[in-house]
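Notes for the one structure printed next.
The values are calculated or read from the model by the stated rules, or taken from the named source; none is laboratory data. Since the structure is predicted, the reported quantities are computational estimates derived from the model, not experimental observations. Glycine gets a Cβ as well: all are built from the backbone with ideal geometry, and neighbour counts include every protein chain shown.
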Amino acid sequence: MIDSEKFTKAIELFDAANASDPNKEIFGGKEFPKEFLYAERMTQQLNAFAPDSSEALQLTVRCQHICRWEIPRDSYEMNRAGYLNWRKDLKDFHAKKASEILKSIDYDAQTVADVAFLLLKKQLKKNTDTQTLEDVVCLVFLDFYFLKFSKKYSEEKLIGIIQKTWKKMSEKGRKAALELKLPASALALITKALR
């Protein structure tokens, strides 16, 4: 059973950390710290997609990108190897940061370990919570970030990215993705990629 006081405190601390993001995003005419807004979107998507999620998963979606700006992409080589190293280091960083916050409010060791495990994306396709996390990540990406992202790359590259994203998702996640209210151009690309 969720200790609502501790859970609320953890969310507050995750949000306070992400509110320090110097990168901003305009949404609905308001300016938000980028990772703060991302965390809110992750929680909203989880609540819609899997409302009965475990406490560890609810915590994880809220801190999935915690303080991400502290390890910028351009501090690594701008190639595939650099990208993979950056992603691996980010996972380790997020797991460490989230664990420190949870320990600071005396969260039980099992929950701390479960959140770290999920942030490291272990046992994708085998662990239900890891798979749900991945589905939520993909849904948030498609819903809020894909259109802007798609303007940077060729159609061929985007089709490859969509196909890789699709492979990581569960059947339930794929079904939810096709029900998103996406712009026509994004939907056309996805349809083409899935042929």
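Miscellaneous remarks
- Qualifying positions in region 62-83 - surrounded by 11 or more Cβ atoms within 10 Å (Cβ to Cβ) and part of a loop (DSSP other than H, G, I, E, B): Q64, H65, I66, C67, I71, Y76, E77
- Matching residues, region 176-192, being in contact (Cβ under 8 Å) with a residue 12 or more places away in the chain, over 15 Å from F141 (Cβ atoms) and small (G, A, S): S185
- Screening F146 on (1) out of contact with any Cys (no Cβ under 8 Å at 6 or more places or on another chain); (2) at pLDDT 95 or above; (3) over 18 Å from P51 (Cβ atoms) shows it passes everything except condition (2).
- Taking region 106-119 as the range and being of a type outside the set (S, T, Y) and either out of contact with any Asp or Glu (no Cβ under 9 Å at 6 or more places or on another chain) or part of a helix (DSSP H, G or I) (or both) as the test, the residues that pass are D106, A109, Q110, V112, A113, D114, V115, A116, F117, L118, L119.
- Sub-8 Å Cβ pairs linking a first residue in region 53-77 that is assigned by TED's automatic domain parsing to the domain that holds Y38 and at pLDDT 95 or above to a second residue that is of a type in the set (K, R) and not in a loop (DSSP other than H, G, I, E, B), at least 6 apart or interchain, are C63/K97; I66/K97; C67/K97; W69/K34, ordered by first then second residue.
- Some residue of region 84-96 being more than 17 Å from M42 (Cβ to Cβ) and buried (at least 20 other Cβ atoms within 10 Å of the Cβ): no
Per-residue answers, yes or no, for (1) surrounded by 18 or more Cβ atoms within 10 Å (Cβ to Cβ); (2) out of contact with any Asp or Glu (no Cβ under 6 Å at 6 or more places or on another chain):
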| site | (1), (2) |
| --- | --- |
| I2 | no, no |
| E5 | no, yes |
| K9 | no, yes |
| L13 | yes, yes |
| A19 | no, yes |
| E25 | no, yes |
| G28 | no, yes |
| M42 | yes, yes |
| A48 | no, yes |
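For every residue, the table says whether it meets (1) outside any helix (DSSP H, G or I); (2) not hydroxyl-bearing (S, T, Y).
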position: F7; (1), (2): no, yes
position: L13; (1), (2): no, yes
position: E31; (1), (2): yes, yes
position: F36; (1), (2): no, yes
position: T43; (1), (2): no, no
position: L46; (1), (2): no, yes
position: T60; (1), (2): no, no
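- Check on R195, without any contact (Cβ under 8 Å) to a residue 40 or more places away in the chain, in a loop (DSSP other than H, G, I, E, B) and outside the structural domain of A95 (by TED's automatic domain parsing): yes
- Taking every residue in region 141-157 that is assigned to a helix (DSSP H, G or I) and pairing it with any residue that is surrounded by 14 or more Cβ atoms within 10 Å (Cβ to Cβ) and not aliphatic (A, V, I, L, M), at least 6 positions away or on another chain, the pairs with Cβ-Cβ distances below 6 Å are F144/R41.
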